[in-house]
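Heads up, the thing below is written out as structure tokens.
The values are calculated or read from the model by the stated rules, or taken from the named source; none is laboratory data. These figures come from a predicted structure and were not determined experimentally. Glycine also receives a Cβ, built like all others from the backbone with ideal geometry; neighbour counts cover every protein chain displayed. With ligands, DNA and RNA removed, areas are computed over all heavy atoms of the protein, side chains included. Shrake-Rupley method; radii C 1.70, N 1.55, O 1.52, S 1.80 Å.
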Amino acid sequence: MNRSLALATRHALTTQRANGSWLAVPDPRITETALCTLALACSPQPGAGHAAARGRAWLAAGAAPQDHHPVARAVESALLSLVLGADGSIDVSHPAFEDPALSARARLLQALALHTGRTVHGGAGPDALRTQLAAAVAAPGRLKRWSRVELWSAHALVAAHFGDRKATLLAARIIADQQSPAGDFFANPVTTALAALALQAAAPGTAAARRCTEYLLTSQQADGTWRFTTSDVWDTALAVRAFRGQPDFDRHALPAAAYLVAAQNPDGGWPFRLGVESDNDTTGAALIALDGASDAPGGVIRAGVRHLARQQRDDGLWRTWQSAGDPPVDDVIAHVVTALARHSGRHRVDLAPARAWLTGRLDGQGRWHAGWYRGLAYAAAEVLPALDTPAPPDGHAAARALAETRNPDGGWPVEAGGPSTPAATGLALAALERGGLRDEDLWAPGLTYLVETQRDDGTWPGVPLMYGPRPLLTHFPTHTHAFTVEGLFAGQRRLRAAARGGCLQPHGEELSYGRAGGGPA
């Protein structure tokens, strides 16, 4: 196990960027590649047709829609059908589309279907859709900036379908105002592709439309795909939380805390990636990562704490984002509570209502449900540190419930009954430690599973775990790495505790670190 941790630490150090951060390109999926392919197929710009053909080839070679959620399956099935020209209607009839948080997905698919001349099964009719979108852009409420662009893009496509030139051009001007000099929209390929379709429908010869297409051309991957947006701030906070305190990491890592300090937004919060709005989840995670960091100025911590204090609702809870439409979710509340508890001397925020809410969620549902990652293990591992009551001698109820889902191979599944994965197993072991569950019959097989599934380069295979955009899932190798090593470090602490009791004699292992991929010398 010590050798496994040394290999994992070496990988983390050699993939750290020169500015102290971590950033990984996520795995490909249908959503981004289909939308970007649609946008380029409609563009008259040189090279667009060839790039669209490459995207279409990847999609036709066996890309399968995600099937963990009915809306995810419907969205990716529809996009695949639109690109490949399959017969049949675009189906938005599933009742799950009626969820207020997911209804925008149905409107978007309907707008794309109208734009491409396809019929729709379910949802509002074309006239009703036009009315809905017009009302939504007139009174959007507090939306994230990329959500506003996506809303205006859908509005533009529907207005163009109805021949409303005035509304189409107005939407195009509002969309273009949000474009970056590089041509993208918040480095998000979903938003950028939808904006490209809208701009082409409104004014295909404009500079905004041309820059959008150029960005899509340059961001296509070698395999013909496009990938979901990266999350450098979030990835760096994860890495610091997982590895800090380990001698090799502390000795060789570039100053990741300084990167997080520099990434703080003027409002005192942190964004999941540079250049976008602060969100409460990343702000909590960054404050946890900076706890005890010698290069984190007190003013930075105070500003972050003040930001979270301002974001607290009247009921004592926090939303994921600052948008009024985002409900509180278990993992975000837990990160905020844990962060504020770590910095308790800097605020007077009452954490009791949020802790009571978390306890009530467990009592009412029998488990916690994370809002931004799929799986029981992640929810339990992240919520348990937020509680202020010690675990009973036989372990916390959430840890015991998680233990029951372990597979015969020693690992844990993302959800009960599924195959074991390294990330879920690492998170489960971390949750067992945090929940005070010390049964060696659980720990030894779990640690063995992690050691035996590690690759020669120190990494582990991963599966999509993070929601984005909900309910779609995406896989970031950086997330799998951090979650998996959390379990190994928990196991190492158990072995050391046993050794101090005279039961074991662990040995350490030092590895040398050479420069690779922009890592430390």
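Computed on the Cα atoms alone, the convex hull of the range 1-131 gives a volume of 206 cubic angstrom per residue. Roughly what would the spin-label model give for H50 and A416, points 7 Å off Cα along C-beta, in nm? For H50 paired with A416, the spin-label model returns 5.4 nm. Panel note: the C-alpha atoms of the range 296-342, placed on their principal axes, show extents of 33, 17, 16 Å (largest first).
Given the Cα atoms of the chain, and with Rh set as the inverse mean 1/r over their pairs in the Kirkwood sense, what is Rg to Rh to two decimals?
Values: Rg = 23.8 Å, Rh = 24.3 Å.
Radius of gyration relative to Kirkwood radius: 0.98.
Measuring r between the beta carbons of A134 and E277 and using R0 = 22 Å, the FRET efficiency lands at 0.30.
In the context of the full set of protein chains, the chain has a per residue accessible area of 40 Å² (1.4 Å probe). When R241, R165, R130 are compared by accessible area of protein heavy atoms, the largest-first order is R165, R130, R241, using a 1.4 Å probe. In this simple spin-label approximation, D177 and D350 carry label points 7 Å from Cα along the Cα→Cβ vector, and these lie 4.1 nm apart.
Estimated at 0.36 nm per residue, the fully extended path between W357 and D87 surpasses their Cα-Cα distance by 92.4 nm. When the charge dipole of the chain is built from unit charges on Cβ atoms (+1 for Lys and Arg, -1 for Asp and Glu) and taken about the Cα centre, the candidate among V485, L108, P419 whose Cα reaches farthest toward its positive end is L108. In the chain, a dipole from Cβ-located charges (positive for Lys and Arg, negative for Asp and Glu) runs towards its positive end, and of V305, G62, A285 it is V305 whose Cα lies farthest in that direction. Computed over protein heavy atoms with a 1.4 Å probe, the carbon and sulfur contribution to the accessible area of the chain reaches 53%.
Segment Q221..R17, full-extension length gain: 71.4 nm, with 0.36 nm per residue of separation and the alpha-carbon distance subtracted.
Roughly how tilted is helix 422-434, in degrees to the nearest 10 and between 0 and 90, from the longest Cα axis of the chain? The helix 422-434 is inclined about 50 degrees to the chain.
The charge dipole of the range 76-185, taken about its Cα centre with unit charges on the Cβ of Lys, Arg, Asp and Glu (plus for the first two, minus for the last two), comes to roughly 460 debye.
Once both labels are positioned 7 Å from their Cα atoms along Cα-to-Cβ, the gap between A303 and H121 label points is 5.3 nm. Which FRET efficiency, nearest 0.05, do Q365 and D99 yield, Cβ-Cβ r, R0 25 Å? That gives a FRET efficiency of 0.90. Rounded to the nearest 0.05, the FRET efficiency derived from the C-beta distance between D388 and D67 at R0 = 35 Å is 0.35. Projecting the Cα positions of L432, V83, C36 onto the charge dipole of the chain (unit charges on Cβ atoms of Lys, Arg, Asp and Glu, taken about the Cα centre) puts C36 furthest along the positive direction. Sorting D223, D330 by accessible area puts them as D223, D330; the probe is 1.4 Å, largest comes first, and only protein heavy atoms count. Once you have the Kirkwood Rh of the range 256-361 from its Cα pairs, apply Stokes-Einstein at 25 °C and 0.890 mPa s and quote D in µm²/s. Rounded, D is 180 µm²/s. Magnitude of the charge dipole for the range 445-507, about its Cα centre and with charges confined to Cβ atoms of Lys, Arg (+1) and Asp, Glu (-1), is about 320 debye. Around the Cα centre of the chain, unit charges on the Cβ atoms of Lys, Arg, Asp and Glu (plus for the first two, minus for the last two) sum to a dipole of about 1120 debye. Computed from Cα atoms, the angle from the helix 2-14 axis to the main principal axis of the chain rounds to 40 degrees. The sum of -39500 (n - 2.57) across all DSSP H runs of n ≥ 4, divided by the residue count of the chain, sets its helix-only mean residue ellipticity at 222 nm to -16500 deg cm²/dmol.
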